[in-house]
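Just so it is clear, none of the values below were taken in a lab; they were calculated from the coordinates. This is a predicted model, so every value here is computed, not measured. Cβ coordinates were reconstructed from backbone atoms using ideal geometry, including for glycine residues, and neighbour counts include every protein chain displayed.
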Amino acid sequence: MDKPPATPPPQQLQIQIDAAGAEGIYSNFVLLAHSSSEFILDFARILPGVQVAKVYSRIIMTPQHARSLLQALETKVEAYESQFGKIRVEGDPSSTRDIGFKSG
């Protein structure tokens, strides 16, 4: 009886990043858009007193990659919160704003 062909082991992906890329780009604002075939993420920076947000990086991806990114971000945020505590988001009603004053 013939054995089914063996599944080849998964290949390891090597990631390369140059010095400029390793420094990263700070972004405190992201604009999102989509069409039927792609998602567009524009990473920008808003500075106090400046009326124009400058886009520093645009990422274009397929809907499948956008879904994978969403799942990866959810996993990383959950890991972060389990280590450092819940991330507070300004304007989120479930995020309490405690500045040191307590009624009682």
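For Gln64 and Lys76, calculate 0.36 nm times their separation in residues minus their Cα-Cα distance, and state this gained length in nm to one decimal. Each step should come with its number before you reach the end.
Values: separation 12, 0.36 × 12 = 4.32 nm, distance 1.85 nm.
That pair, Gln64 and Lys76, stretches by 2.5 nm at full extension.
Sort Phe29, Phe39 by Cβ crowding within 10 Å, fewest neighbours at the top. Mind dumping the intermediate values first?
Details: Phe29 12, Phe39 19.
So the residues, fewest neighbours to most, are Phe29, Phe39.
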So, relative contact order of the chain in percent, Cα under 8 Å, 6 or more apart, is 14 percent
Quick check: the angle from helix 63-84's long axis to the longest principal axis of the chain, C-alpha only, nearest 10 degrees? 60 degrees
For Ser27, Ser68, order by how many other beta-carbon atoms lie within 10 Å, fewest first: Ser68, Ser27
Cα convex hull volume per residue for region 25-84 (Å³): 95 Å³
Would you calculate, for the chain, the mean residue ellipticity at 222 nm contributed by helices, counting each DSSP H stretch of 4 or more residues as -39,500 (n - 2.57) and dividing by all residues, to the nearest 500? -8500 deg cm²/dmol
With a Förster radius of 22 Å, plug the Cβ-Cβ distance of Val89 and Lys54 into 1/(1 + (r/R0)^6) and report the FRET value to the nearest 0.05. 0.40
